[in-house]
Amino acid sequence: MFKNEQGFTLIEMLVVLMIISLLIILIIPNLGSKSEEVNETGCEALEQIIQTQTDVYYLEHRHYPKNVDDLANKGYITEDQKQCKNGDSFKIEQGKVKKE
């Protein structure tokens with residue numbers, strides 16, 4: 001009756017699902033270990049942004065801000081830029097931004 005039946009058998013579908021599952025199992029742990037590296041890189045970028053805004057503050061006011069709160073209060077950075085996602089905060093010493 002049906003001479004040209006096309007499609008996948010149950011075994012073929014199970015093999016494909018097994019291969020996809022294996023790839024997912026191998027990839028997910030690698031993504032999790034990269035999150036610390038991403039957070040550290042993001043923190044370094046945020047430090048550079050704060051340093052740039054500190055320099056802009058100096059150019060406009062002729063003195064460096066006393067701390068990061070001064071930059072946030074005057075609108076040079078936002079409140080959420082005062083510290084990194086991992087909880088590290090910043091301080092300003094003689095015009096240089098450093099992690100605390």
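The sole residue among ILE19, ILE24 that is of a type in the set (Val, Ile, Thr) and under 25 Å from the mean Cα position of the chain (by Cα) is ILE24. Residues that are surrounded by fewer than 12 Cβ atoms within 10 Å (Cβ to Cβ), among the polar types (S, T, N, Q) and at pLDDT 90 or above do not occur anywhere in region 54-76. Residues that are surrounded by 13 or more Cβ atoms within 10 Å (Cβ to Cβ), under 20 Å from the mean Cα position of the chain (by Cα) and not aromatic (Phe, Trp, Tyr) within region 86-100 comprise ASP88, VAL97, LYS99, listed in sequence order.
For (1) polar (S, T, N, Q); (2) in contact with a helix residue (DSSP H, G or I) (Cβ under 6 Å, 6 or more places away or on another chain); (3) free of Cβ contacts under 8 Å to residues at least 60 places away in the same chain; (4) outside any strand (DSSP E or B), each residue gets a yes or a no:
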site: GLU44; (1), (2), (3), (4): no, no, yes, yes
site: GLU47; (1), (2), (3), (4): no, no, yes, yes
site: GLN51; (1), (2), (3), (4): yes, no, yes, yes
site: ASP55; (1), (2), (3), (4): no, no, yes, yes
site: GLU60; (1), (2), (3), (4): no, no, yes, yes
site: TYR64; (1), (2), (3), (4): no, yes, yes, yes
site: ASP70; (1), (2), (3), (4): no, no, yes, yes
site: ASN86; (1), (2), (3), (4): yes, yes, yes, yes
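Conditions tested, residue by residue: (1) exposed (fewer than 10 other Cβ atoms within 10 Å of the Cβ); (2) at pLDDT 75 or above; (3) assigned to a helix (DSSP H, G or I); (4) out of contact with any Cys (no Cβ under 8 Å at 6 or more places or on another chain).
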position	(1), (2), (3), (4)
GLU5	yes, no, no, yes
ILE11	yes, yes, yes, yes
LEU17	no, yes, yes, yes
ILE25	yes, yes, yes, yes
LEU31	yes, no, yes, yes
GLU37	yes, no, yes, yes
GLU40	no, no, yes, yes
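The values are calculated or read from the model by the stated rules, or taken from the named source; none is laboratory data. Predicted, not measured: the structure shown is a model, and the values here were computed from it. Ideal geometry is used to build each Cβ from the backbone, glycine not excepted, and the neighbour counts take in all protein chains shown.
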